[in-house]
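S.K.: Following this message is one structure expressed as structure tokens.
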Amino acid sequence: MKKIHILVEGQTEETFVKRVFLPYFGNKLYCNPVIARTKKVKSGLIFKGGITSYEKVKNDIIRLLLDSSVCIVTTMIDYYGFSSMVPFKDKIQGHICFDRVASLENLFQKDINSPRFIPYLQLHEFESLVFVSPEEIGKAFNNMRKVNEIAEIKRKFNSTEEINDNPNTIPSKRLSNLFPSYQKTLHGPLITNRIGLNAIRKECKHFNLWLEKLENL
């Protein structure tokens with residue numbers, strides 16, 4: 001079985017990989033989620049979760065690429081936030097979000113400079129995948145009265161990946177506004193697991209392109 005490392009932003013993405021990716025790929029591909037490091041103190045204790053700088057991400061990737069047992073190293077990091085901290089942000093091109101994220105991934109790949117590195121940035125946040133099913137969001141919070149409100153948000157965009165890069169209207173902010181009890185690490189993986197990978201990839205073309213690359217390893 002081939003093995004890959006997926007450098008993930010935090011526990012939400014780690015749980016998503018374990019619950020959704022591992023059953024999907026079965027014995028064809030083992031996906032090992034590795035949470036990004038934030039800092040290491042003198043005692044040797046390593047803190048993980050959250051993206052604090054591009055250099056830390058780069059160091060994590062280079063360290064993971066030293067593992068010769070994996071065929072590739074990839075990422076699952078939110079485009080939102082990451083795009084403003086990369087040293088080559090002025091070189092990002094494109095008028096629409098899909099072009100901009102592809103441009104950034106290309107620059108990211110060139111900077112790491114390894115044929116075994118496949119960058120993936122989630123447009124705009126992991127929670128954009130959650131918006132694929134307003135019904136499953138309503139079920140998760142036992143509040144079906146807000147399904148129409150969620151569906152109305154979804155209808156305003158051509159796809160859920162396009163919800164969006166404003167700090168006040170990013171997907172996670174919209175969910176926490178609608179459901180004050182929203183917990184990122186709990187509800188995100190729970191809802192996406194219920195939606196299922198096939199439904200997600202059908203509506204999220206950038207995510208689907210990444211999945212196809214992994215399927216073709």
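S.K.: Given that just one value was derived from the coordinates, which of [x] 18.8; [y] 19.4; [z] 17.9 is Kirkwood radius over Cα pairs in Å?
M.R.: Step by step, Kirkwood radius over Cα pairs in Å for this structure corresponds to label [z].
S.K.: For the chain, which whole-number percentage of the solvent-accessible area (1.4 Å probe, protein heavy atoms only) is attributable to carbon and sulfur atoms?
M.R.: Working: 5130 of 10780 Å².
In the chain, the share of accessible area belonging to carbon and sulfur is 48 percent.
S.K.: Separate question: For segment 91-217, would you read off the P(r) tail past 26 Å as a percentage of all alpha carbon pairs? Walk me through the numbers on the way to the answer.
M.R.: On the way: 2032 of 8001 pairs.
Result for the distance tail: 25 percent.
S.K.: Here's a follow-up. Give the long-range amide H neighbours of CYS204: residues separated by 5 or more places, or on another chain, with amide H under 5 Å away, using H modelled in the peptide plane at 1.01 Å from N.
M.R.: Long-range HN contacts for CYS204: none found.
S.K.: Which order do the peptides 153-163, 116-126 take when ranked by the mean count of other beta-carbon atoms within 10 Å per residue, highest first? Could you put the intermediate results ahead of the total?
M.R.: Values: 153-163: 16.6, 116-126: 22.5.
Ranking the peptides 153-163, 116-126 by packing returns 116-126, 153-163.
S.K.: Let me check against my output: what whole-number percent is the relative contact order of segment 81-205, with C-alpha pairs under 8 Å and at least 6 apart? The partial results should precede the final answer.
M.R.: On the way: 109 pairs, mean separation 29.3, N = 125.
Once divided by the residue count of segment 81-205, the mean separation gives 23 percent.
S.K.: Which net charge results for the neighbourhood of LEU29, defined as the other residues with beta-carbon distances under 10 angstrom from its beta-carbon, given Lys and Arg at +1 and Asp and Glu at -1?
M.R.: On the way: positive: LYS2, LYS3, LYS28; negative: GLU215.
Net charge around LEU29: +2.
S.K.: Where does the chain land at 222 nm, in deg cm²/dmol rounded to the nearest 500, when only DSSP H runs of n ≥ 4 count, each adding -39500 (n - 2.57), divided by all residues?
M.R.: Working: 11 runs with 96 residues, N = 217.
Rounded to the nearest 500, the figure is -12500 deg cm²/dmol.
S.K.: Let me ask something additional. Averaged per residue, what accessible area in Å² does segment 34-188 show with a 1.4 Å probe, protein chains only?
M.R.: Details: 7820 Å² over 155 residues.
Ligands and nucleic acids excluded, the figure is 50 Å² per residue.
S.K.: Sticking with this structure for a sec: Along the positive direction of the dipole of segment 111-152 (beta-carbon charges: Lys, Arg +1; Asp, Glu -1; about the Cα centre), which of ALA140, VAL130, ILE118 reaches farthest?
M.R.: Value: ALA140.
S.K.: Karplus couplings for segment 159-169 from phi (6.51 cos²θ - 1.76 cosθ + 1.60, θ = phi - 60°), rounded to Hz, Gly and Pro as x?
M.R.: With coefficients 6.51, -1.76 and 1.60, one gets 8, 5, 5, 8, 8, 9, 10, 8, x, 8, 10 Hz.
S.K.: Now a separate question. From the mean inverse distance of alpha carbon pairs (Kirkwood) and the Cα radius of gyration, derive Rg over Rh for segment 143-217. Let's see the in-between values first.
M.R.: On the way: Rg = 13.7 Å, Rh = 13.8 Å.
Computed over Cα atoms, the ratio is 0.99.
S.K.: Okay, moving on. With angles folded into 0 to 90 degrees, how steeply does helix 97-112 sit against the dominant principal axis of the chain? Use alpha carbons for both and round to 10.
M.R.: Its long axis makes an angle of about 20 degrees.
S.K.: Diagonalise the Cα gyration tensor of segment 58-100 and give the resulting equivalent ellipsoid semi-axes, square root of 5 times each eigenvalue, largest first, whole Å.
M.R.: 26, 12, 9
S.K.: Further question on the same structure: Going from most exposed to least, what order do THR169, THR185 have by accessible area with a 1.4 Å probe?
M.R.: Values: THR169 40, THR185 65 Å².
Of THR169, THR185, the descending order of accessible area is THR185, THR169.
S.K.: Let me ask something else. Given LYS28/LYS56; LYS18/LYS205; LYS2/LYS56; LYS139/LYS202; LYS56/LYS146, which pairs have Cα atoms separated by over 28 Å? Show your work: numbers first, answer last.
M.R.: Values: LYS28/LYS56 31 Å; LYS18/LYS205 22 Å; LYS2/LYS56 26 Å; LYS139/LYS202 21 Å; LYS56/LYS146 39 Å.
In this structure, LYS28/LYS56; LYS56/LYS146 lie more than 28 Å apart at Cα.
S.K.: Relative to the longest principal Cα axis of the chain, at what angle does helix 184-195 sit, 0 to 90 degrees, rounded to 10?
M.R.: Between the helix axis and the principal axis of the chain, the angle is about 70 degrees.
S.K.: On to the next question. From Cα pairs below 8 angstrom and at least 6 apart in sequence, can you work out the relative contact order of the chain, rounded to a whole percent?
M.R.: Details: 316 pairs, mean separation 43.2, N = 217.
Relative contact order of the chain: 20 percent.
S.K.: Sort MET144, MET1 by heavy-atom solvent-accessible area, probe 1.4 angstrom, most to least.
M.R.: Values: MET144 100, MET1 140 Å².
Descending accessible area places them as MET1, MET144.
The values are calculated or read from the model by the stated rules, or taken from the named source; none is laboratory data. Since the structure is predicted, the reported quantities are computational estimates derived from the model, not experimental observations. Cβ atoms come from the backbone with ideal geometry, glycine included; neighbour counts cover every protein chain shown. For the accessible areas, the whole protein counts, side chains as well, though only heavy atoms, and no ligand, DNA or RNA atoms are used. Shrake-Rupley method; radii C 1.70, N 1.55, O 1.52, S 1.80 Å.
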